[in-house]
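The values are calculated or read from the model by the stated rules, or taken from the named source; none is laboratory data. For clarity, every value in this text was computed on a predicted model and none was experimentally measured. Positions of Cβ are generated from backbone atoms using ideal geometry, with glycine treated the same way; all protein chains shown enter the neighbour counts.
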Amino acid sequence: MVNIVWWEVETEAPEKFMSFHGDLQGWTFASAFEDSELDASYWIIRSGESGIGGLQRATEGTAPTTGTRVYFETDDLEGFLSRVRELGGQVERSRTDLGGDDRWFATFQDSCGVSFGIWTDRAPNK
């Protein structure tokens, strides 16, 4: 069984998203991952004291991924990406370090072009 461990929204207008959902749902937003390999503006979406999802500024000059991206947890990130390729999917972003020794993710598109993420707390096999 695969567990859903995170969700995020990517948009060219994160400030507009924060204003709208802050007013509508009372969410707050905390900047995150400045000193990581992410190389993008990112905020943790908070409901009260709990981090419930993420918000990312779309990279300038590229179209944002439409919709909400769901993240699945895996013990074998590279094996998961290999299986994605075998089944006709595409890797969008390979293993990316978010800082610390327990936070890596990757993103992929399934064979229909839907974008998903995978998350692991396991270091890469060397």
Which of (1) more than 25 Å from Val2 (Cα to Cα); (2) not in a loop (DSSP other than H, G, I, E, B) is the odd one out, the single condition Asp35 does not satisfy?
(2)
Of the conditions (1) assigned to a strand (DSSP E or B); (2) under 18 Å from Thr107 (Cα atoms); (3) in contact with a Lys or Arg (Cβ under 7 Å, 6 or more places away or on another chain), Ala30 clears all except one; give me its number.
(2)
By residue number, the members of segment 9-41 that are modelled with pLDDT under 90 and closer than 30 Å to Asp76 by Cα are Val9, Glu10, Thr11, Phe33, Glu34, Asp35, Ser36, Glu37, Leu38, Asp39, Ala40, Ser41
Taking the residues in segment 48-68 that are over 15 Å from Pro14 (Cα atoms) and modelled with pLDDT of 85 or more as candidates, determine which candidate is surrounded by the fewest Cβ atoms within 10 Å (Cβ to Cβ).
Glu49
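Does Arg46 satisfy the criteria of being touching a Ser or Thr at 6+ places or on another chain (Cβ under 6 Å), over 17 Å from Gly117 (Cβ atoms) and charged (D, E, K, R)?
Taking the combined requirement at face value, the residue satisfies it.
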Could you say which residue among Val2, Val114, Val91 is out of contact with any Ser or Thr (no Cβ under 9 Å at 6 or more places or on another chain), within 30 Å of Asn125 (Cα to Cα) and among the hydrophobic types (A, V, I, L, M, F, W, C)?
Val114
What are the pairs with Cβ atoms under 6 angstrom where one residue, in segment 106-126, is more than 12 Å from Val84 (Cβ to Cβ) and at pLDDT 85 or above and the other, located anywhere, is part of a loop (DSSP other than H, G, I, E, B) and of a type outside the set (Ser, Thr, Tyr)? Sequence gap at least six, or different chains.
Asp121/Asp102; Arg122/Asp75
State which residue is nearest to Arg57 (Cα to Cα) when the search covers only segment 1-27 and only residues that are aromatic (Phe, Trp, Tyr) and not in a loop (DSSP other than H, G, I, E, B).
Phe17
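Inspect all residues belonging to segment 17-38 and state whether any of them is acidic (Asp, Glu), surrounded by fewer than 12 Cβ atoms within 10 Å (Cβ to Cβ), in contact (Cβ under 8 Å) with a residue 60 or more places away in the chain and out of contact with any His (no Cβ under 6 Å at 6 or more places or on another chain).
yes
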